[in-house]
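A.B. asks: Before we start, here is the structure in question, set down as structure tokens.
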Amino acid sequence: MLRRTVQVAGLCGLLSALCARLGWTQATPFQCRPLTCSTLTPTPSVDDSTTNDCAYRAGNLWWVDYVAGSLAWSNREVVRPVIVAVFDDGAYTDHEDIRNQLWTNEAEAHGKPGVDDDGNGYVDDVHGWDFVENSPDVSPKGECRSRISHGTVMASLVAAERNNGVGIAAPGSDGARLMILRVVGCNRGVNDDANPQRLARALDYATRMGARILSFSAHWNATTPELDHAFSEIADRQDAPHSAIVVASVPNKGEPTAGYPAAYTFHRIVRAIPIGNEDMISPGTSVAPPGLNLGAPSACVIGAGSAPDRYRVEQGSSNSTAILSGLLAGIWASPPYAKLSTDEFLARVVQGRMVKSPRRSKPGSRTPYLDGVPLADACLLETERRKARVCPQPGSQREPRP
């Protein structure tokens with residue numbers, strides 16, 4: 001049995017027992033006004049003057065500008081959005097920043113209720129599937145309904161709708177569509193753990209249904225041959241019929257190893273290294289294997305929540321994973337790269353450009369972070385007309401960030 005460990009920093013308060021079990025922590029409610037909870041916020045201005053989302057206009061989405069996320073936004077509708085499968089505790093699909101960003105299984109959406117219209121073995125799977133309760137309802141259930149919905153937060157950091165006048169925007173606002181896969185629950189029963197069989201089924205479903213990025217803002221410390229094989233088929237097999245990029249969280253709570261799936265050395269694994277204040281790798285970040293390791297913001301990040309607090313200020317390495325997933329989707333869906341296969345995108349964009357970025361974190365205190373890590377960004381999309389403050393400018397390695 002694999003135990004789930006979701007990494008989000010903060011205060012547990014009265015939820016200490018549940019938080020201790022799941023690795024969750026209580027977040028801070030957010031009001032739409034300038035916010036300071038990090039030396040990197042608020043930003044003095046925004047890079048996209050046409051975007052009207054409340055938190056972005058207030059200067060609070062420092063993490064979008066930090067990864068040059070606005071460069072992945074388009075003035076015209078994206079022809080082929082990249083489907084990002086979010087493996088978590090479900091998500092509130094009616095949230096105003098999520099409801100228009102969902103992947104939709106058109107056969108089921110326009111089919112007959114109670115009928116497996118596309119013959120994939122799942123009935124009425126319109127926006128994903130609940131693998132805990134074997135249901136098409138992907139919303140959080142049980143104790144999750146009265147707690148912070150981790151999956152809702154992660155979904156919003158991947159692809160929160162841009163320019164809807166409320167809430168936040170995400171790097172993948174234009175280019176990503178969300179497939180919600182509920183693979184863990186919040187109750188104390190055995191059935192809520194992330195067991196290998198359930199994860200293997202979810203992996204198979206996601207890739208068969210077209211997900212090209214699999215976002216895991218969680219980790220587990222043991223594996224099985226069955227799960228190893230499932231990940232290998234997707235993330236390592238050369239002629240995989242349904243290959244995908246696995247974006248894996250590297251925890252920052254002092255664990256000696258990164259845990260799975262980040263611990264896999266498969267060539268389609270992209271690891272999110274949590275970055276805090278002043279370009280520093282978050283203290284306590286676990287040792288990650290060498291490979292496609294990119295730093296992404298982790299602290300003072302605003303994500304979608306549930307009533308009564310529709311938005312929350314969150315901390316932790318989970319944020320880094322979702323932000324990186326959305327950024328990759330936004331770049332992959334953009335015209336220069338939309339026709340690339342999975343391995344072509346990894347070779348030409350992730351390995352060929354992003355890993356070689358001149359923007360790096362400050363050196364860490366131990367191997368493999370002694371030279372820092374490249375910072376994820378969309379600067380490869382920069383043009384004469386579209387620039388971002390975080391991108392290197394002529395005559396200097398980079399401009400200072402706020």
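A.B. asks: Restricting to region 45-78, name every residue that is among the polar types (S, T, N, Q) and not in a loop (DSSP other than H, G, I, E, B).
C.D. replies: Result: S70, single match.
A.B. asks: What are the pairs with Cβ atoms under 7 angstrom where one residue, in region 278-306, is free of Cβ contacts under 8 Å to residues at least 40 places away in the same chain and the other, located anywhere, is surrounded by 21 or more Cβ atoms within 10 Å (Cβ to Cβ) and outside any loop (DSSP other than H, G, I, E, B)? Sequence gap at least six, or different chains.
C.D. replies: Close Cβ pairs satisfying both conditions: S282/P274; S282/I275; S282/S317; G291/I269; G291/R271.
A.B. asks: Could you say whether any residue in region 141-149 is part of a loop (DSSP other than H, G, I, E, B), within 30 Å of A55 (Cβ to Cβ) and either among the small types (G, A, S) or under 19 Å from the mean Cα position of the chain (by Cα) (or both)?
C.D. replies: Yes: region 141-149 contains one or more residues that are part of a loop (DSSP other than H, G, I, E, B), within 30 Å of A55 (Cβ to Cβ) and either among the small types (G, A, S) or under 19 Å from the mean Cα position of the chain (by Cα) (or both).
A.B. asks: Looking only at region 124-148, which residues are of a type in the set (F, W, Y) and either in contact with a Cys (Cβ under 7 Å, 6 or more places away or on another chain) or open to solvent by 20 Å² or more (accessible area, probe 1.4 Å) (or both)?
C.D. replies: none
A.B. asks: Kindly establish whether Y260 is open to solvent by 10 Å² or more (accessible area, probe 1.4 Å), within 19 Å of D228 (Cβ to Cβ) and out of contact with any strand residue (DSSP E or B) (no Cβ under 6 Å at 6 or more places or on another chain).
C.D. replies: Criteria not met by Y260.
A.B. asks: In region 306-338, how many residues are surrounded by fewer than 24 Cβ atoms within 10 Å (Cβ to Cβ) and part of a strand (DSSP E or B)?
C.D. replies: 5
A.B. asks: Now for a separate question. Taking V166, is it open to solvent by 10 Å² or more (accessible area, probe 1.4 Å) and either hydrophobic (A, V, I, L, M, F, W, C) or in contact with a Pro (Cβ under 8 Å, 6 or more places away or on another chain) (or both)?
C.D. replies: When the stated conditions are applied, V166 passes them.
A.B. asks: Determine which member of the set R348, R401 is among the basic types (K, R), surrounded by 14 or more Cβ atoms within 10 Å (Cβ to Cβ) and modelled with pLDDT of 95 or more.
C.D. replies: Testing whether each residue is among the basic types (K, R), surrounded by 14 or more Cβ atoms within 10 Å (Cβ to Cβ) and modelled with pLDDT of 95 or more leaves just R348.
A.B. asks: Still on this structure, I have one more. Given the condition free of Cβ contacts under 8 Å to residues at least 12 places away in the same chain and of a type outside the set (V, I, T), answer yes or no: does some residue in region 155-169 qualify?
C.D. replies: No, because not a single residue in region 155-169 is free of Cβ contacts under 8 Å to residues at least 12 places away in the same chain and of a type outside the set (V, I, T).
A.B. asks: What pairs can you find where one residue is in region 110-122 and over 16 Å from R201 (Cβ atoms), the other is aliphatic (A, V, I, L, M) and open to solvent by less than 60 Å² (accessible area, probe 1.4 Å), and their Cβ atoms are less than 7 Å apart, with a gap of 6+ or different chains?
C.D. replies: G114/V123; V115/V123; D117/A107; D118/A107
A.B. asks: Further, regarding this structure: On the basis of being over 23 Å from G151 (Cβ atoms), at pLDDT 90 or above and outside any loop (DSSP other than H, G, I, E, B), does A107 make the cut?
C.D. replies: yes
A.B. asks: Could I ask something else about it? In region 87-123, what count of residues is obtained for those that are open to solvent by 40 Å² or more (accessible area, probe 1.4 Å), on the phi > 0 side of the Ramachandran plot and touching a helix residue (DSSP H, G or I) at 6+ places or on another chain (Cβ under 9 Å)?
C.D. replies: 2
A.B. asks: Mind checking which residues of region 342-384 are of a type outside the set (A, V, I, L, M, F, W, C), free of Cβ contacts under 8 Å to residues at least 12 places away in the same chain and under 20 Å from S243 (Cα atoms)?
C.D. replies: Result: E344, R348, G352.
A.B. asks: Under 9 Å between Cβ atoms, at least 6 apart or on separate chains: pull out the pairs that start in region 214-227 with a residue that is in a strand (DSSP E or B) and end on any residue that is open to solvent by 50 Å² or more (accessible area, probe 1.4 Å).
C.D. replies: F216/Y260; H219/Y260; W220/R3; W220/Y260
A.B. asks: Right, something else. If the requirement is being at pLDDT 95 or above and of a type in the set (A, V, I, L, M, F, W, C), which of these qualifies: A307, A258, A248?
C.D. replies: A248
A.B. asks: Identify, from the list I275, I323, I302, the residue that is within 17 Å of the chain's Cα centre (by Cα), more than 30 Å from E77 (Cβ to Cβ) and of a type in the set (A, V, I, L, M, F, W, C).
C.D. replies: That would be I275, the only listed residue that is within 17 Å of the chain's Cα centre (by Cα), more than 30 Å from E77 (Cβ to Cβ) and of a type in the set (A, V, I, L, M, F, W, C).
A.B. asks: Let me ask something additional. Name the residues in region 198-228 that are more than 30 Å from G254 (Cα to Cα), open to solvent by 10 Å² or more (accessible area, probe 1.4 Å) and not acidic (D, E), would you?
C.D. replies: Of everything in region 198-228, those that are more than 30 Å from G254 (Cα to Cα), open to solvent by 10 Å² or more (accessible area, probe 1.4 Å) and not acidic (D, E) turn out to be R201, T207, R208, M209, G210, R212.
The values are calculated or read from the model by the stated rules, or taken from the named source; none is laboratory data. All figures in this text were calculated on a predicted structure; none of them were measured in a lab. A quick note on method: Cβ atoms are made from the backbone with ideal geometry, for glycine too, and the neighbour counts reach across all protein chains shown. To get the accessible areas, we keep the full protein, side chains included, count just its heavy atoms, and leave off ligands, DNA and RNA. Shrake-Rupley method; radii C 1.70, N 1.55, O 1.52, S 1.80 Å.
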